[in-house]
Amino acid sequence: LGVPVLNFEDTATRVVARVVENAHFEETATWHVTLPGQTVTQIAFELVPKQPFMEETEALPVTVQIEQDGWGEGVGAEVTLRVRGAEQTWRRARRSFVDGSVQYYGVRSPTDPSAGPGQSLVVSLHGAGVQGIGQADSYAAKDFAWIIAPTNRRPFGFDWEDWGRLDALEAADDAMALFETN
């Protein structure tokens with residue numbers, strides 16, 4: 001899970017991103033080496049479900065907290081997640097090797113995702129003003145392939161060069177490993 005964090009203070013070191021245990025999720029702790037000062041970044045929280053979620057409309061609350069040595073208390077928030085059905089697009093979050101931030105890609109599952117390893121992978125890049133999930137929504141499911149649509153870091157101003165290209169390649173690598181595609 002990626003949660004945007006605005007750090008108005010100086011750079012924080014040894015930051016812990018904690019998921020507070022509840023009826024749906026285990027407690028987890030994700031370490032971040034630094035949280036740069038005067039910046040906005042997506043902080044990674046690891047979600048470990050206690051059981052499979054069966055209802056696609058089910059709203060799942062999760063409490064997240066950021067802690068650092070020297071802070072009196074952590075800073076927390078409650079986030080509500082939505083469970084998606086197998087025929088719906090969904091977001092896959094991953095931690096970027098570029099800067100440690102959380103980036104996501106939209107996923108359109110094949111019509112038969114249980115067909116097993118060896119299906120194809122299609123990577124679709126969006127244009128300005130479109131997010132990855134919107135790009136994935138624009139496709140119908142295919143029986144032969146997973147479709148992924150990485151999102152770029154900004155709605156305008158970044159193209160698919162430099163960091164955008166690296167994000168797209170990392171998303172493709174993540175999807176190939178996760179879905180066991182060719």
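The values are calculated or read from the model by the stated rules, or taken from the named source; none is laboratory data. Remember, it's a predicted structure, so these values are computed and weren't measured experimentally. Because the Cβ atoms are built from the backbone with ideal geometry, glycine has one as well, and the counts that use them run over all protein chains shown. The accessibility values were calculated without ligands, DNA or RNA, using every heavy atom of the protein model including side chains. Shrake-Rupley method; radii C 1.70, N 1.55, O 1.52, S 1.80 Å.
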Per the 1.4 Å probe, what fraction of the accessible area of the range 22-94, in percent, lies on carbon and sulfur atoms?
51
Along each principal axis of its Cα atoms, how long is the range 18-61 end to end? Whole angstroms, biggest number first, please.
40, 20, 12
Scalar couplings 3J(HN,Hα) for the range 65-70 by Karplus 6.51 cos²θ - 1.76 cosθ + 1.60 (θ = phi - 60°), nearest whole Hz, x for Gly and Pro, are 9, 10, 10, 8, 4, x
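Name the chymotrypsin sites (Phe, Trp or Tyr not before Pro) in the range 95-182 that are in a loop by DSSP and that have at most 10 other C-beta atoms within 10 Å, would you?
On the way: sites: Phe97, Tyr104, Tyr105, Tyr139, Phe144, Trp146, Phe156, Phe158, Trp160, Trp163, Phe179; in loops: Phe97, Tyr139, Phe144, Phe156, Phe158, Trp160.
Within the range 95-182, the qualifying chymotrypsin sites (Phe, Trp or Tyr not before Pro) (loop, at most 10 other Cβ atoms within 10 Å) are Phe156.
Please go through the range 1-93 and write out the chymotrypsin sites (Phe, Trp or Tyr not before Pro) that DSSP classes as loop and that have at most 14 other C-beta atoms within 10 Å. Intermediate results must be reported in sequence, preceding the final value.
Details: sites: Phe8, Phe25, Trp31, Phe45, Phe53, Trp71, Trp90; in loops: Phe8, Phe45, Phe53, Trp71.
Answer in residue order: Phe8, Phe53, Trp71.
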With contacts defined as alpha carbon pairs under 8 Å and 6 or more residues apart, what's the relative contact order of the range 1-134 in percent?
21
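Ignoring ligands, DNA and RNA, what accessible area per residue does the chain give at 1.4 Å, in Å²?
Details: 10340 Å² over 182 residues.
Here the residues of the chain average 57 Å² of exposed surface.
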What does a probe at Asp69 reach in the range 1-19, counting residues whose amide N is under 13 Å from the point 7 Å along Cα→Cβ?
13-16
With each pseudo-label sitting 7 Å past Cα toward Cβ, what's the Glu58-Trp31 distance in nm, one decimal?
3.3
Just checking my list (i) 75, 43, 26; (ii) 53, 41, 26; (iii) 51, 40, 32 against Cα extents along the principal axes in Å computed from this structure; which label fits?
(ii)
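Would you work out what percent of the accessible area of the range 113-182, with all protein chains in place, is carbon or sulfur (probe 1.4 Å)? Before the final figure, lay out each step's value.
On the way: 2100 of 3760 Å².
Carbon with sulfur: 56 percent of the solvent-accessible area.
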